[in-house]
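Report on the structure given below.
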Amino acid sequence: MINTLQKLKEMAIAIHNGIIAMRPKENKKVIFNPSVDKKMEHCYCSNSGIVSFVADGTMYVIPYMASVMAVLNSEGFERKAMYVPFSNDEYPIGEKKKWDSLIKLSELERAERFTSECKKYSDKHGYGKIADDLINNHCLEIPATGVHVIKFQNSDVYYPEITGSTFSNSAANTIGKYCIEKGICSFVYRNGKTYVTKNSDVISALQAAGYMLGNLHVPFANGEIITDTKEADIWKRIA
């Protein structure tokens with residue numbers, strides 16, 4: 001847990017002159033030689049989801065996280081324009097494993113914050129819980145990477161109603177909504193995830209829990225064939 005400046009410095013990547021990074025999209029290496037003067041001490045900057053800050057004469061870099069910003073703000077760091085290493089899709093070659101773990105940590109924190117915001121919104125607007133058994137054993141979750149299908153001899157990918165991990169007006173407009181077509185029900189649950197079911201008990205539970213009809217896309221209602229093995233097996237079992 002990042003809750004002190006010392007812990008933040010330990011977690012972040014220290015940027016020393018000559019540090020080598022890889023830029024995968026261009027398949028080339030780059031060398032960073034950031035100049036850190038006294039005016040940058042106790043300052044930070046962010047770009048493309050990456051944060052750089054200067055403490056005790058050293059520049060550090062870490063993916064953007066709420067916990068990171070909380071520490072910087074509590075320690076009185078000032079936002080100031082400065083170079084932000086690794087903000088152009090680079091990673092430090094010598095510390096790739098650590099950088100990858102930091103990226104995963106930031107993704108996990110964003111996902112947890114998004115889920116929490118979805119649940120708070122649902123509580124406020126009366127979109128309640130339904131039994132875990134109904135969700136886990138009678139519904140297919142549409143993964144963030146989408147479900148690949150064959151539709152009218154053409155391939156397509158069906159994504160969740162809410163993509164990304166930022167709570168927005170679009171997310172607010174779809175949470176707590178369901179739609180039924182040809183006996184198949186698509187709904188956005190209180191956790192922000194999209195599910196599909198044919199189970200009438202699920203539909204009844206959603207209605208009893210305060211979910212409302214909405215204009216959602218209903219996958220698999222027109223004879224689509226799921227080509228993803230995992231999702232196809234789940235759909236076959238529950239449908």
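Per-structure values
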item	result
The chain, relative contact order [Cα under 8 Å, separation at least 6], %	16 percent
Members of Lys120/Lys151; Lys25/Lys80; Lys25/Lys97 lying beyond 26 Å, as alpha-carbon distances in this model show	Lys120/Lys151; Lys25/Lys80
Shape of region 1-150, Cα gyration tensor, a/c cut at 1.5	oblate
Point-to-point label distance, Lys96-Thr166, nm (Cα→Cβ direction, 7 Å offset)	3.0 nm
Using a Förster distance of 25 Å, the FRET efficiency for Ala144-Met22 (Cβ separation, nearest 0.05)	0.45
Point-charge dipole on Cβ atoms (K/R +1, D/E -1) for region 68-161, about Cα centre, debye to 20	160 debye
Options Ile150, Asn17, Ser48, ranked by Cα towards positive dipole end of the chain, top entry (Cβ charges)	Asn17
Paramagnetic label zone (point 7 Å from Cα along Cα-to-C-beta, Lys104; backbone N under 20 Å) in region 54-87	62-68
Two-site label geometry, Ile31 and Lys230: point separation in nm, points 7 Å out along Cα→Cβ	4.3 nm
Amide hydrogen neighbours beyond the local backbone of Gly192, cut-off 5 Å, H modeled	none
Förster-model FRET efficiency, 30 Å R0, Glu10 and Asp89, C-beta, rounded to 0.05	0.75
Region 132-238, dipole about Cα centre (Lys/Arg Cβ +1, Asp/Glu Cβ -1), debye to the nearest 20	120 debye
Within region 114-154: backbone nitrogen closer than 12 Å to the Arg237 label point (7 Å, Cα to C-beta)	136-141
Simple Cβ-charge dipole of the chain, Lys/Arg +1 and Asp/Glu -1, about Cα centre, in debye nearest 20	180 debye
Gyration tensor (Cα) of region 132-238, equivalent ellipsoid semi-axes in angstrom	21, 17, 13
Top positive-direction residue, dipole computed over region 107-224 with Cβ charges, set Gln207, Ala221, Leu134	Gln207
Burial ranking of peptide ranges 145-155, 209-219 (average Cβ count within 10 Å, highest at the top)	209-219, 145-155
222 nm mean residue ellipticity, helices alone, for the chain (DSSP H n ≥ 4; -39,500 (n - 2.57); rounded to 500)	-10000 deg cm²/dmol
Percent RCO, i.e. relative contact order, over region 132-238, from Cα pairs under 8 Å lying at least 6 residues apart	34 percent
Vicinal HN-Hα couplings computed from phi for region 155-172 (Karplus, 6.51 cos²θ - 1.76 cosθ + 1.60; Hz; Gly/Pro x)	7, 8, 10, 9, 9, x, 4, 10, 10, x, 10, 10, 6, 9, 4, 5, 5, 4
Region 29-37 - phi-based ³J(HN,Hα) in whole Hz, Karplus 6.51/-1.76/1.60, Gly and Pro as x	9, 10, 10, 9, 10, x, 8, 10, 9
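Here, each number is a calculation from the coordinates, and none is a lab measurement. All values reported here derive from a predicted model rather than from experimental measurement. Virtual Cβ from ideal backbone geometry, glycine too; neighbours counted across all protein chains shown.
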